[in-house]
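What follows is a single structure, written as structure tokens, with notes after it.
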Amino acid sequence: MFLRFAAVVLALTVVTATPAEAVPALVPAADREVVFTVDGTTTYGTLHVPAHRVGQRLRAALLLPGSGPTDRDGDQPPASRPRTLAQLAEALGGDRVATLRFDKYGTGRTGLGAYRDHPEELDHPAFVRQAGAAYEALRDQPETDPHRLLVVGHSEGAMTGLLFGGTVRPRPAGLALLQPQAIRMLDLVALQLHAQTAEATRLGQFTPEQRRAIDAAIDAAVTALREHRPVDTTDLPPVLAQLFRAFQGASARFVESDDAVYPPDTAAALRPGTRVLLTCGTNDVQIPCATTDALTAALRRAHVEGPGRVPLPGVDHLMHDADHPDTLAPAVLDALHRFTGGSRP
């Protein structure tokens, strides 16, 4: 009896002598503003940090918007408010990935910044430098793991991510190229305009002869822009004539510098083994899947890892489908989950 009692006391002593293991406190999900300066411009962004343990370092993704005056949420107010980047931040947060999205030049709180008095000098490399500075700001946040950084770009933002993804330090662990600009800008513009002209002809708005004249004028306008000659707008409908005049106006420097980039060439600078997702929507009239063929092949030659190209059935350029006109389509969410899930340690 005494021996059994002594054994029980000893066991109790062992148990009570071992302190209970402390459970790290949880920090709830939150957003906060991040401010950084690049080329004399103060840039404003939103950092979304999902719920995490105190002291935990999280994977983190820089979100890059598409073309035009697209702000940190993926909107072009007041006309267009799809909230593309805000919805991406929410989706990635569900996979415990922190995100930074920012107001690029000409949008939101950032505005034109140092280019306020000479907007005609704003070129595409300026946007690339701004994105690179945002990447560094994300890298330096106390909640992020600098060795598990991701870049998620939509449309033109995907090309921007490709351009700096091979130069920043540390290199991104992964790139998500969502409906990416994958060919030269003016080639893409011509492709889109030819498709619109064909549809207008089908609807009876142009005759076949008018269509041929317009298509020839579009191609001639692209050639003139690349050769720095005035564009002949005689055979162009007024709206297209206005577009090409704008390309030779205040936007000329941006258009020329953007068009100088052939995205497949940028893939060679990526670190072998970088995880890459490339999506294309079958209902995307702005970035048809076929335009991503050369970039897909270049990524393969660069020896990046999957998921690779993922076609999205029924998905449009804003990553919606018929059943989800205001939110990211399930196919998009599934592709993102494959991308982030595969990059977990």
Are there any pairs with C-beta distances below 6 angstrom linking a residue in segment 49-67 that is more than 15 Å from Asp95 (Cβ to Cβ) to a residue that is of a type in the set (Phe, Trp, Tyr), with the two at least 6 apart or on different chains, and if so which? Leu62/Tyr135
Residue that is farthest from the chain's Cα centre (by Cα), among those in segment 114-133 that are buried (at least 20 other Cβ atoms within 10 Å of the Cβ) and touching a residue at least 60 places away in the same chain (Cβ under 8 Å): Leu122
Just checking, which of Arg116, Arg72, Arg96 is closer than 19 Å to Gly341 by Cα and basic (Lys, Arg)? Arg96
Identify all residues within segment 184-231 that are over 18 Å from Arg245 (Cα atoms) and either in contact with a Pro (Cβ under 6 Å, 6 or more places away or on another chain) or among the small types (Gly, Ala, Ser) (or both); write none if there are none. Ala195, Ala198, Ala200, Gly204, Ala213
Does Ala198 satisfy the condition of being in a strand (DSSP E or B), within 24 Å of Asp316 (Cβ to Cβ) and not charged (D, E, K, R)? no
How many of the residues making up segment 229-242 are more than 30 Å from the chain's Cα centre (by Cα) and either within 14 Å of Val255 (Cβ to Cβ) or surrounded by fewer than 16 Cβ atoms within 10 Å (Cβ to Cβ) (or both)? 6
One residue from Val152, Val168 being of a type in the set (Val, Ile, Thr) and under 23 Å from Asp75 (Cβ atoms): Val152
Just one listed residue, out of Val285, Val332, is more than 15 Å from Pro172 (Cα to Cα) and over 15 Å from the mean Cα position of the chain (by Cα), and it is Val285
Every residue in segment 76-102 that is of a type outside the set (A, V, I, L, M, F, W, C), more than 21 Å from Asp258 (Cβ to Cβ) and surrounded by fewer than 23 Cβ atoms within 10 Å (Cβ to Cβ), please. Pro77, Pro78, Arg81, Pro82, Arg83, Gln87, Glu90, Gly93, Gly94, Asp95, Arg96
When the residues of segment 28-56 are narrowed to those that are of a type in the set (Gly, Ala, Ser) and touching a helix residue (DSSP H, G or I) at 6+ places or on another chain (Cβ under 9 Å), which ends up surrounded by the most Cβ atoms within 10 Å (Cβ to Cβ)? Gly45
May I ask you to verify whether Gly106 is closer than 18 Å to Val35 by Cα, modelled with pLDDT of 95 or more and more than 19 Å from the chain's Cα centre (by Cα)? no
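The values are calculated or read from the model by the stated rules, or taken from the named source; none is laboratory data. A quick note: this is a predicted structure, and the numbers were derived from the prediction, not measured. When we count neighbours, we look across all protein chains shown, and the Cβ atoms used for this are built from the backbone with ideal geometry, even at glycine.
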